[in-house]
């Protein structure tokens, strides 16, 4: 078996409209397909990042909270590459999001930082 690339990441949210607003309006991801699955009382929104299908946003009734701090086993965070981290942080703070202090990766010599989605999923920005 040879894996070619990551196809997508699935994110379950507790408030579909709030998370849809966050991922589409604030992060700027492009919706490419949205369906309501009546049998599951669930929405599924496919989002693309820079022209590539990458995120599935799901809603389910009463999902359990994400155990995040201290970090739980499993997916740790979602990371996006940006050209200008200071500009990205400025944009996020204009939307009243808390963004951690920009750090410097001594291995790659790149800047990075973290913030969270509406359900507390850690999201990293990594400067290209």
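A few remarks follow.
- Pick from region 113-128, criterion in a strand (DSSP E or B) and touching a helix residue (DSSP H, G or I) at 6+ places or on another chain (Cβ under 7 Å), ranking: surrounded by the fewest Cβ atoms within 10 Å (Cβ to Cβ): 115
- Where residue 50 falls short, out of the listed (1) surrounded by fewer than 11 Cβ atoms within 10 Å (Cβ to Cβ); (2) farther than 23 Å from residue 125 by Cα: (2)
- Among the numbered conditions (1) assigned by TED's automatic domain parsing to the domain that holds residue 6; (2) farther than 24 Å from residue 5 by Cβ, the only one that residue 115 does not meet is (1).
- From the list 89, 11, 24, the one residue that fits, being within 13 Å of residue 125 (Cβ to Cβ) and either assigned by TED's automatic domain parsing to the domain that holds residue 127 or within 14 Å of the chain's Cα centre (by Cα) (or both), is 89.
- Some residue of region 75-95 being in contact with a helix residue (DSSP H, G or I) (Cβ under 6 Å, 6 or more places away or on another chain) and assigned to a loop (DSSP other than H, G, I, E, B): yes
The values are calculated or read from the model by the stated rules, or taken from the named source; none is laboratory data. Note that the structure is a prediction, hence the values are computed from the model and not measured. Cβ atoms come from the backbone with ideal geometry, glycine included; neighbour counts cover every protein chain shown.
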